[in-house]
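In what follows, a single structure is set out as structure tokens and then discussed.
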Amino acid sequence: MKPDLFESPDYYGIDDLLTEEHKLVRAAAREWVKRAVSPIIEDAAQNAEFPKSIVSGLAEIGAFGPYIPESYGGAGLDQISYGLIMQEIERGDSGVRSTASVQSSLVMYPIYAYGTEEQRQKFLPKLASGEFMGCFGLTEPDHGSNPGGMTTNYKDMGDHYLLNGAKMWISNAPFADIAIVWAKNEAGRIHGLIVERGMEGFSTPETHNKWSLRASATGELIFDNVKVPKENLLPNKSGLGAPLGCLDSARYGIAWGAIGAAMDCYDTALRYSQERMQFDRPIGQFQLQQKKLAEMITEITKAQLLAWRLGVLKNEGRATTAQISMAKRNNVDMAINIAREARQILGGMGITGEYPIMRHMMNLESVITYEGTHDIHLLITGMDVTGLNAFK
Ligand code: TGC
Ligand code: FAD
């Protein structure tokens with residue numbers, strides 16, 4: 001892979017809207033991605049291997065629990081810093097960002113928001129340092145966009161719960177130490193349970209042959225009469241709103257992360273267009289290539305403004321689920337379109353691992369599907385503006 005020469009575009013001076021702390025946090029994440037992710041990510045993706053070497057670095061830049069209080073091992077940062085960290089990590093690779101998103105928003109957040117003080121003390125510091133890795137089991141083989149139909153269930157056996165069922169498409173599952181598992185009780189109410197590796201009847205087979213997110217490990221969670229201690233139930237929120245609340249936080253991070261992937265594709269294509277000569281001139285001199293690049297920077301700038309404003313609303317506790325859906329949907333779609341156009345600017349070189357574009361493009365095919373598909377987010381916006389529910 002070529003050396004990482006990334007320079008971040010900031011066409012509208014959005015940096016002026018950031019604090020010194022935001023810029024420091026971003027600089028640390030950017031430097032780490034250049035040093036620790038860029039040199040190894042192409043091989044990791046080609047070999048479909050999760051690069052375990054990055055775990056300690058992710059912890060050091062505050063990517064595990066950026067907004068979780070420092071008293072629990074988190075970084076205690078605001079929502080814009082969290083977004084900027086996700087942006088920089090996904091500039092390196094969406095799969096690496098996935099690992100951080102799951103750990104922070106889908107494992108640490110539910111323990112922090114819905115767990116007991118004992119659960120917080122027991123798990124959060126180890127998750128923040130990367131000593132423990134976690135995963136989040138909501139999707140099932142027959143219930144993806146409609147998680148409320150889940151069949152994974154647990155029964156109260158007096159001194160423990162007995163968990164049965166299966167989850168599919170679970171990021172980090174093959175190596176996770178703990179899983180936040182969403183399951184129905186005998187009354188059909190959804191609760192979160194902390195399932196620990198080593199519990200009898202719990203297995204996590206890996207999903208192979210992915211063309212996308214190859215540097216992220218994906219697997220199943222299988223529960224065959226797993227005895228879960230009662231103290232592992234998350235007591236402080238139940239119903240589908242509990243996992244959906246976690247998704248609000250993760251989708252917000254993705255809205256920022258996708259900008260990173262788009263910026264990397266744009267920056268690579270811009271540089272290539274200035275260097276690659278055809279018909280005795282740089283291809284960037286042709287109007288058709290300028291149109292692509294001009295539209296890319298326009299769309300990136302719009303996405304940056306959307307993410308920044310959403311971050312302000314989130315810091316004030318005012319961001320709605322529908323606003324988060326709009327940003328996740330728009331920014332991932334923006335990134336995937338930019339990846340496709342950028343790949344064309346590189347001609348044949350665009351399909352090789354010498355450049356990051358094809359890897360970003362393939363990764364984004366997962367990002368546009370997970371955490372709610374492109375269609376589902378459109379319907380959330382549609383429901384919000386019309387007041388009419390397309391899901392019922
Ligand atoms: P609906 O009837 O609308 O809602 C059920 C209950 O939940 C409440 N609620 C929320 N609460 C908190 N936060 C939110 N964002 C909430 N949204 C809804 C709602 O008020 C209601 O409460 P109550 O008290 O009345 O029961 O639910 P529905 O069954 O009609 O479904 C709505 C729909 C389709 C929008 C939802 O199910 C959905 O978002 N589906 C998409 C599924 C999804 O996003 N799955 C993601 C799996 S995790 C993942 O992909 C991780 S990838 C990680 C990585 O690698 O980065
Ligand atoms: P389906 O729900 O079957 O959807 C198929 C198609 O039908 C889509 O185009 C969808 O938009 C459309 N559709 C569905 N319902 C409607 C409707 N009402 N109106 C219009 N169109 C509709 N899940 C987890 O729980 N944890 C994880 O860590 C996790 N990681 C993932 C990692 C990867 C790499 C991938 C690919 C997925 C991951 N997921 C995870 C699962 C992901 O959230 C689901 O794939 C996603 O929610 C969609 O579910 P599905 O794949 O079953 O598709």
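A short reminder: the numbers here are calculations on the coordinates, not readings from a lab. A quick note: this is a predicted structure, and the numbers were derived from the prediction, not measured. Here the Cβ is made from the backbone with ideal geometry for all residues, glycine too, and neighbour counts use every protein chain on show.
Summary table
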item: Proximal lysines to Lys126, defined as alpha-carbon separation beneath 18 angstrom and excluding residues fewer than eight positions away on the same chain; result: Lys52
item: Too-long pairs where the Cα-Cα distance tops 25 Å, listed order kept, from Lys122/Lys230; Lys210/Lys302; Lys167/Lys230; Lys2/Lys328; Lys210/Lys230; result: Lys210/Lys302; Lys2/Lys328; Lys210/Lys230
item: Net charge contributed by nearby residues that have their C-beta within less than 11 Å of Asp16 (K/R +1, D/E -1); result: -1
item: At most 15 other Cβ within 10 Å, DSSP loop - GluC sites (Glu not before Pro), the stretch 295-390; result: Glu316, Glu354
item: Among Ile180, Ile380, Ile259: highest mean-square fluctuation, GNM of the chain, C-alpha pairs under 10 Å; result: Ile380
item: Relative compactness, the chain, computed as alpha-carbon Rg over 2.2 N^0.38 Å; result: 0.98
item: Low-density loop positions, GluC sites (Glu not before Pro), the stretch 134-219 - DSSP coil, at most 14 other Cβ in 10 Å; result: Glu186, Glu200
item: Fewest-first sequence of Tyr112, Tyr82 by Cβ atoms within 10 Å of each Cβ; result: Tyr112, Tyr82
item: For Tyr161, residues with placed amide H under 5 Å, excluding near neighbours; result: Val228, Lys230
item: Cross-link reach list, aspartates and glutamates versus Lys155, counting only Cα pairs under 18 Å and skipping chain neighbours closer than eight places; result: Glu186, Glu196, Glu200, Asp224, Glu231
item: Relative pair counts by distance (%), Cα atoms of the stretch 14-129, 10 Å bins; result: 14, 45, 30, 10, 0
item: Tail weight of P(r) past 23 Å, computed on alpha-carbon pairs of the stretch 134-234, percent; result: 21
item: Fewest-first ranking of Ile300, Ile222, using other Cβ atoms within 10 Å as the exposure measure; result: Ile222, Ile300
item: J(HN,Hα) series, the stretch 328-344, from Karplus relation 6.51 cos²θ - 1.76 cosθ + 1.60, nearest Hz, glycine and proline x; result: 4, 5, 5, 6, 6, 4, 4, 5, 5, 5, 5, 4, 5, 5, 5, 4, 5
